[in-house]
1. With charges only on Cβ, +1 for K and R and -1 for D and E, what is the dipole size of the chain about its Cα centre, in debye, rounded to 20?
2. Among [x] -0.78, -1.17; [y] -0.58, -0.96; [z] -0.42, -0.99, find the value of log10 I(q)/I(0) by the Debye sum over Cα atoms at q = 0.15, 0.25 Å⁻¹ that was calculated from the structure presented, and write down its label.
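None of the figures in this text is laboratory data; all of them are computed from the coordinates on show. Here the structure is a predicted model, which means the values were calculated and not measured. Positions of Cβ are backbone-derived with ideal geometry, glycine not excepted, and every protein chain shown enters the neighbour counts.
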Amino acid sequence: MRNSEFETEIKNGVINLPKKYLNAKKAKVIILDNDFRSDKDFIFRIVNNPVHLNSGVSFLSREEANER
């Protein structure tokens, strides 16, 4: 197996291959996304998709939370 590398743009979810790779039988695709998720995205995801806690979880009292 020969490894080759090239850069291309993804347009409407389609990756255009250079002509020399059109007869290839297999491809391994790695997407490099510069628009990585920030903490704001994490909070948005958690707020919109809450996770139910299992029984047996105990919360701190106000006094315990404010202990120094």
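1. Values: 12 positive and 10 negative charges, 149 e Å.
Using only the charged Cβ atoms, the result is roughly 720 debye.
2. Checking each listed value against the structure points to [x].
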